[in-house]
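What follows is a set of notes on a single structure, which appears directly below.
The values are calculated or read from the model by the stated rules, or taken from the named source; none is laboratory data. All values reported here derive from a predicted model rather than from experimental measurement. Reconstructed Cβ throughout: ideal geometry from the backbone, glycine too, with neighbour counts over all protein chains shown.
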Amino acid sequence: MDLNETINKETLSNFIITNNGNSLTWPIGQASLLPSTYGEMTIKVQIPPRRQISAKPNSQENKPISQSLPGQPKPQTKPAPAAPTTAPNTGNKVIALTFDDRPGPYTAHLLDILDQHGAKGPPFFLIGSKVSSQANVVRSIHARGHQLGNHSWSHPELPKLPVDQIAGEIDRTNEAIRQATGVKPSILRPPYGAVNGIVLEQIRLHARICHQSCGQSTRGTGLIPQ
């Protein structure tokens, strides 16, 4: 297993702040590092406390260097960045939601439930052949702030297809989603989590990122960046 593939920039960017703002926690997908029987793993890093500095107004050593060096331009102060929004610290376990085989008959109602609970961003993995007939629902998924993902055109087992059909399953779905929303998805989840070397190569070429279930049966890795 190559940890550089499992713990990468994409993984590290998805953290939550816990322990009353004193820890950073990275959830690691089930079976990404260890067998699935171990459950989902997390990486937690304690945030070191800030050191308090008591400055004396008239102390020479506390004067900025720019004041002691004549002729140097004054540095311009930049506004402090906005504090990141943190998830509520309830002390409970946190789960990540994703939805497959969409859009379906209950997708619109599901979006209303997510809105009621303030849940934004869960990926919806769409089957391309369903997109054009429910384009309004697909546009609503995107408009409400959720990520759109590719789940193939017809939900086949991709390793059983020749390479041109694998590419077609990915490309046709990408194009259907783009026509409905103006956005081309950058993540793909293969049906049944079924992959092999040829499928992974086509995902790299046509979808950029293979999401979570990709390769768990053969490589134990969740995200495969382009």
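Restricting the search to segment 159-185, which residues are of a type in the set (S, T, N, Q) and surrounded by fewer than 16 Cβ atoms within 10 Å (Cβ to Cβ)? So that I can check it myself, show each step before the final result.
Looking only at segment 159-185, we keep the residues that are of a type in the set (S, T, N, Q), and these are 165, 173-174, 179, 181.
Answer for segment 159-185, where residues must be of a type in the set (S, T, N, Q) and surrounded by fewer than 16 Cβ atoms within 10 Å (Cβ to Cβ): Gln165, Gln179.
Could you say whether any residue in segment 132-152 is over 24 Å from Ala96 (Cα atoms), modelled with pLDDT under 95 and in contact with a strand residue (DSSP E or B) (Cβ under 9 Å, 6 or more places away or on another chain)?
For segment 132-152, residues over 24 Å from Ala96 (Cα atoms), modelled with pLDDT under 95 and in contact with a strand residue (DSSP E or B) (Cβ under 9 Å, 6 or more places away or on another chain): present.
Out of all the residues in segment 151-158, is one or more buried (at least 19 other Cβ atoms within 10 Å of the Cβ), closer than 25 Å to Asn196 by Cα and of a type in the set (D, E, K, R)?
First, the residues of segment 151-158 that are buried (at least 19 other Cβ atoms within 10 Å of the Cβ): 151-153, 158.
Those still in the list that are closer than 25 Å to Asn196 by Cα too: 151-153, 158.
Right, trim to of a type in the set (D, E, K, R) and you get none.
No.
Pull out all pairs, ordered by first then second residue, where Cβ-Cβ is under 8 Å, the residues are six or more apart or on different chains, the first lies in segment 95-109 and is in the same structural domain as Pro156 (by TED's automatic domain parsing) and farther than 17 Å from Gln147 by Cβ, and the second is of a type in the set (A, V, I, L, M, F, W, C) and not in a loop (DSSP other than H, G, I, E, B).
Hits for this filter: Ala108/Val137.
I want to confirm something. Restricting to segment 148-178 and keeping residues that are assigned to a helix (DSSP H, G or I) and polar (S, T, N, Q), which single residue is farthest from the chain's Cα centre (by Cα)? I'd like the intermediate steps shown before the answer.
So in segment 148-178, the residues assigned to a helix (DSSP H, G or I) come out as 158-160, 163-178.
With polar (S, T, N, Q) added as a condition, the list becomes 165, 173-174.
Details: Gln165: 27, Thr173: 20, Asn174: 18 Å.
Residue satisfying both the conditions and the ranking: Gln165.
Considering only residues that are of a type in the set (S, T, N, Q) and at pLDDT 90 or above, which ones fall in segment 187-226?
The answer is Asn196, Gln202.
Is it true that some residue in segment 125-139 is over 25 Å from Ile95 (Cβ atoms) and in contact with a Lys or Arg (Cβ under 7 Å, 6 or more places away or on another chain)? Give the steps one after another, and end with the answer.
Start the filter on segment 125-139 by keeping residues that are over 25 Å from Ile95 (Cβ atoms), which leaves 128-136, 139.
Imposing the further condition that a residue be in contact with a Lys or Arg (Cβ under 7 Å, 6 or more places away or on another chain) reduces the set to 128.
Yes, segment 125-139 has at least one match.
State the number of residues belonging to segment 101-120 that are assigned to a loop (DSSP other than H, G, I, E, B) and surrounded by 12 or more Cβ atoms within 10 Å (Cβ to Cβ). Before the answer, list the steps.
Here is the first cut: in segment 101-120, the residues assigned to a loop (DSSP other than H, G, I, E, B) are 103-106, 117-120.
Still in the list and also surrounded by 12 or more Cβ atoms within 10 Å (Cβ to Cβ): 103-104, 119.
So the answer is 3.
Regarding segment 183-198, can at least one residue be identified that is of a type in the set (Phe, Trp, Tyr) and more than 13 Å from Arg102 (Cα to Cα)? Talk me through it step by step, then tell me what you get.
So the first thing to find is which residues in segment 183-198 are of a type in the set (Phe, Trp, Tyr), and the list is 192.
Subsequent filtering for residues that are more than 13 Å from Arg102 (Cα to Cα) retains 192.
Yes; the residues of segment 183-198 include at least one that is of a type in the set (Phe, Trp, Tyr) and more than 13 Å from Arg102 (Cα to Cα).
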